[in-house]
Structures are given as structure tokens and as C-alpha cells.
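> So that we are looking at the same thing, I have put the structure below in C-alpha cells.
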Amino acid sequence: MKFSTIAGSLLFSSAALAVPLAEENLARREANRAARRALAHKQSHTNHRVETAGADIAAETYSSNWAGAVLIGSGYTSVTGTFVVPSVSMPSGGSSSEQYCAAAWVGIDGDTCSTAILQTGVNICIQNGEITNTAWYEWFPAAQEYWSSGISISTGDTITATVTASSESGGTATVTNESSGESVSHTFSGQSSELCETNAEWIMEDLSSGGGLLGFADFGSDFTFTGASAVSSGSTVDTTGATIMDIEQDGTVLTSSSASGSTVTISYE
């Protein structure tokens, strides 16, 4: 009888523990689903130039969403660059409950070509003090897609991003975490929106969501793409002659960019 009482107590105790644990697991799964839904609405866009009178397309120019370097020419079929994932923070005057993001990526087209972009990179976001780093690929105008497995990215990791066009309607996007050895790749084919192959880019972007720009995360000074190169009509080139882009919003310049040889440097101002 005494044994039955103890056993019953243990069973009751186990059942009581199981309920909150089950609820916690359900809440965690729902939070993960909500995070994935939120990510699904983020998107990279074509360059939204902020034109000024007499602006020289070969010199520095301004955009509401792109900072970095853009080569303008013809026959671009591959772009690559390596960077260290920066720690981001909420911009001055921001609200910790809001989400702020910056997207580091390499791509083909999207500046002087408005029909498509083949691109890949990492979204670096902060909300409520928590930083998330997510690898993605995109054939604009479709939305970003995210690798659900095969790669994880932490602040301070060294990442190499590469896009290669096999045709105007197909190609591959690859992200490699040089720090962990993980690598993922996605192949596109038969895309209805075709590349022009007139631009090669190394960009830090203010992402869009719900039809407008997200808050732009402070990614610090001297974010750098190294090993920046492109293939143009079969020849490998560096950033020489690239147009320098900086982000200007509401009359305020938010970034300072430069390029030299195989290096592109972007700073949050």
C-alpha cells in the first residue's frame, strides 16, 4: 500500500512536469515557425539610386538601399568575395523591440539591369539584443530563400560567397563558412526573369520587408570584402573602375565605401 502511494505520487509528479515541458516545446516550435515566416518576407532589391544633378555613373553615387562597389560592363558570369561576419547593433535612436538588418552579398546585375539579380550572402540582424546570421540565395524578383540545413553562421566567422551564371536564365549560388568548413549551394534553371550580365557587385544592403525598408543595422566600421573578383567575358577582373555606392536616406548618408583592387571596404557612419 505504501509502495502504491509512492508510485502514484511519482506518476502524478511526472505528469505535472510533462505538461509545462510539452507547452514549452510547442511554444519553441511556434517561435521557430514565426521566425521563418518573418525571414520569408525579407528581400533584396535592385539598386534604388538617389540621383543628383550631373551625377557621373563612373564615380561615387548614392542609393537608398545599396552600399559597396558595382562594376558596370558586359559579360559578367561570376562574382566572388570573402568577408568576416560583423557584430551588429541597434542604430542610434532605435528601439530594441524592432528588428534591424544588414545584408552582405555578392551578385550579378540589379544596378543598370532591372530584370533580374543572381545573388547570395548573409543577413545579419538584431532584435531585443539577439543577433541572428542567416545564409540566403535569391534570383530576383523572387524572394530570398534560406538554407534550412548544412550551414550555421556566427559572428566572427569568415564567409566566402560566390555566384556563377551558366546562362541568362540559370546559375548557382554558393556560401562557404571558411571557419567551420561547411558549404551550401543552390542551382537555378529556367528562370523567366533573365540576367543582363552587365553588373558585378559587392554590397551591404538595407533589406526590404512588407514593401518598405527595414531598419538598417549598425555593422561597424571597416566591413571588408577581400578576394573580390569577377569573370567578364572569360577574363578575371578585380574592382578597378567600379562605381562606389553609399546609402543615403532622408538626406543623411549612412555609409562610407571604397574599393581598391580585390578589396571593398564599407563603414557604417
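> Given contacts defined as C-alpha pairs under 8 Å and at least six residues apart, what's the relative contact order of the stretch 41-268, whole-number percent?
The normalised contact order for the stretch 41-268 reaches 32 percent.
> Find out how many positive minus negative residues lie around residue 197, taking Lys and Arg as positive, Asp and Glu as negative, among other residues whose Cβ is under 11 Å from that of residue 197.
Around residue 197, the charge tally is -3.
> Another one. How would 109, 222 line up from fewest to most surrounding beta-carbon atoms within 10 angstrom?
222, 109
> In addition: Quick one: which of 158-171, 74-87 comes out on top by average Cβ neighbours within 10 Å, and what's the full order, highest first?
74-87, 158-171
> Same structure again: Taking 0.36 nm per residue of sequence separation and subtracting the Cα-Cα distance, how much length would be gained by fully extending the chain between residue 260 and residue 130, in nm to one decimal?
Residue separation times 0.36 nm, minus the Cα-Cα distance, leaves 43.4 nm.
> Still on this structure: Tell me the label-point distance for the pair residue 178, residue 145, using the 7 Å Cα-to-Cβ offset, in nm and rounded to one decimal.
Simple spin-label model gives 2.7 nm for this pair.
> Right, here's the next one. Using only alpha carbon positions, build the gyration tensor of the stretch 41-268, then give the equivalent ellipsoid semi-axes as the square roots of 5 times its eigenvalues, largest first, whole angstrom.
One finds semi-axes of 24, 21, 17 Å for the stretch 41-268.
> Also, quick follow-up: Taking just the alpha carbons, could you work out the radius of gyration and Dmax for the stretch 149-191, both in angstroms?
Gyration radius and largest Cα-Cα distance of the stretch 149-191: 12.2, 36 Å.
> Ok, one more. Using the basic label-point model (7 angstrom from Cα toward the beta carbon), what is the residue 74 to residue 167 distance in nanometres?
Result: 2.1 nm between the two label points.
> Modelling each spin label as a point 7 Å along the Cα-to-Cβ direction, I'd like the residue 252/residue 89 distance in nm, to one decimal.
Label at residue 252, label at residue 89, 1.6 nm between them.
> Just rank 267, 97, fewest to most, by other beta-carbon atoms within 10 angstrom.
Sorted ascending by nearby Cβ count, the order is 97, 267.
Every number in this text was worked out from the coordinates using simple rules, so none of it is lab data. Quantities reported herein were computed from a predicted structural model and do not represent experimental measurements. Quick reminder, even Gly has a Cβ in these numbers, built from the backbone with ideal geometry, and neighbours come from all protein chains shown.
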